[in-house]
1. Which percent of Cα-Cα pairs in the range 306-420 sits in each 10 Å bin, short to long?
2. Taking the Cβ of each residue in W404, W560 as the centre, tally the other Cβ atoms inside 10 Å and list the residues starting with the fewest.
3. Would you please give the residues with an amide H less than 5 Å from that of Y208, counting only those at least 5 places away or on a separate chain, with H modeled from the backbone geometry?
4. Looking at the calculated P(r) for the range 232-368, what percent of the C-alpha pair distances fall above 22 Å?
5. Counting helices only, and only those DSSP H runs with n ≥ 4, report the 222 nm mean residue ellipticity of the chain as the sum of -39,500 (n - 2.57) divided by its residues, in deg cm²/dmol to the nearest 500.
6. Between E431 and E481, how many nm apart are label points set 7 Å from Cα along the C-beta direction?
7. Neighbouring Cβ atoms within 10 Å as the yardstick, rank C474, C489, C311, C92 fewest first.
8. Run the simple label-point estimate for K215 and V400 please: 7 Å along Cα→C-beta, distance reported in nm.
Amino acid sequence: MKNTANTMKICVTSIVVMTGLALSAQAADESLYRKLSIDDFRDHLKGGWIGQMAGVGWGQPTEFKVKGRIMLDSEMPPWNPDMVNQQDNDDCYVEQTFIRTLELHGFDVSFKQAGIDFANTKFPLCHANAVGRDNVRRGVAPPDSGHPAFNKHCDDIDYQIEADYSGLISPGCPNSVIALGDKFGRIMNYGDGLYGGQFVGGMYAEAYFEHDMVKVVGAGLKCIPAESQYAEMVRDMLVWYQQDPENWEKTWGLVEEKYHKDKNYTHTLCCAPGAEGGFSIDAKLNGAYIIMGLLYGKGDPDKTIRIACRCGQDSDCNPANAGGVLFASMGYAKVPERFKSALNEKKLFWSSTYDWPTMLKVHEQLGRQVVVKYGGRIETDSSGKEMWVIPVQTAKPGPVEKSWMPGPSAGIKYAEDERATMPQSIFEALEKFAPGWWIEYCHDGTEIPVGLMPEKLGRKNVLVTVAARQDIPCVLITRAEVPVGRKTCLKFAAGHQPAGEWELVVKAEGKELLKKIVGKETAPDGWLMAEVDLTEYAGNAVKLELLQKATGPSHVAGYWADIRIESKDN
């Protein structure tokens, strides 16, 4: 009996030990995964999108009106619930193209196909986006379309403002965010310009599980190379916040000195470093403003958006990212009603087949694919609810790149049959029309076709352009040698649509030499003949600019014909 009792005691002890080991193993296994119910996913997804739309809508009236200083509190417009309907804002419509590409072609879509889909969009673009799209249209395939050798805007904010989708479809999956950035962000960006988007996407991915914005920012930081200047900026922001967690204006001053005025950090790429009130669309500077809103906003929706906006520069894009990340963390149910009460769910995103519910549905479908692709699984819990089981991941960013010291380009080009599927490149059209000239900020996202036309208003070989926006003129640029001892003039014809007008400005080395309205009163037959004397610049290579400026909110075409520089003996 004694041996039997001892045996039973040993067996019970063994069972207890084995059960303990099993429970410990289960606990250890559980610690390697995070769970997200489908209801929670939908709540955070909707929160992220409504925050993005609210942020850009509230900040849009202030965009680039304040540069190099803090916006006064009185300069902030009051919130209007209708501001949330931003389906026609580039912060919201560009990323729908990436979502559509993933829906149609899957996550293994090629660089070339991603570029073709982007090239065939019809919405307006500026900066790195515009150059990247036109690069693709003239045969330069991604990733070269965003490489510094082809795109001088590569460190701009562009992928940063449209990377929200990457985190919203990648809950707890930072390596999905990194991969999506490498696939789509390289269409238009490189180095810090790319990292800005991967950083933002990483914050969204973590916002499904985390409410502490310091930790959310830290999660985004892990998605980019630690040696990059963008990562240095994020680390600075975390340190400066810890040193003074109440005075965001003081931290703004530190950001201004280092990331706006110091050429070692701006590299003079698409900004005016050191200039009072200087314009900057640099990803690092504007990314610092996103972080400023998230940290100093301390979880308050209004404060977060207002601080990100009051930092200035791209003051609708930055509060869009900040508002999106915060609201994703909060979840739609906790978003104040004033930010969602006026949402028009039936309005389509520009150049898209998606309205609000369709867009969310596609995000959800892609989110399921991401979870499985990165080692997770979809389960049903005891109540019958869908549960996403997501493995805890260590972010693995790629090697560091520097736009001011770039590595070699990939040398990938589109074949002629591939190019035939895309619209005409405005760069190639200009090269045929006026060799030696280049173009910036030509808007080709309207119903007005731009490029080289065989005939317009009785003239042959006419270049058609459209100003990017009311406040951003289209610019034709060249650098010309002006000979000594001869009278030299720039001559050209500028035309207008029968029912439209625009403002022509001619500059030499930044000095305004001519300013005229091109319309039915100044050019009744459709064409204005212009002649500008350049003789004062004799002996110099002079930078010439022809500006097409919008005179109203609607897009109007400008026509250009017979541009030439003539010299004759005095």
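1. In whole percents, the pair-distance histogram is 9, 19, 30, 29, 11, 1.
2. Numbers: W404 14, W560 25.
Listing W404, W560 from fewest to most nearby Cβ atoms yields W404, W560.
3. G172
4. Details: 4405 of 9316 pairs.
The share of Cα pairs beyond 22 Å in the range 232-368 comes to 47 percent.
5. On the way: 19 runs with 232 residues, N = 570.
Calculated from helices alone, the mean residue ellipticity at 222 nm is -12500 deg cm²/dmol.
6. 2.3 nm
7. Numbers: C474 23, C489 15, C311 30, C92 26.
So the residues, fewest neighbours to most, are C489, C474, C92, C311.
8. Each label point lies 7 Å from its Cα, and together they span 2.9 nm.
The numbers here are math on the coordinates, done by the rules we state, and not lab data. Just so it is clear, the model here is predicted, and its values are computed rather than measured. No Cβ is skipped: glycine too gets one built from the backbone with ideal geometry, and neighbour counts run over all protein chains shown.
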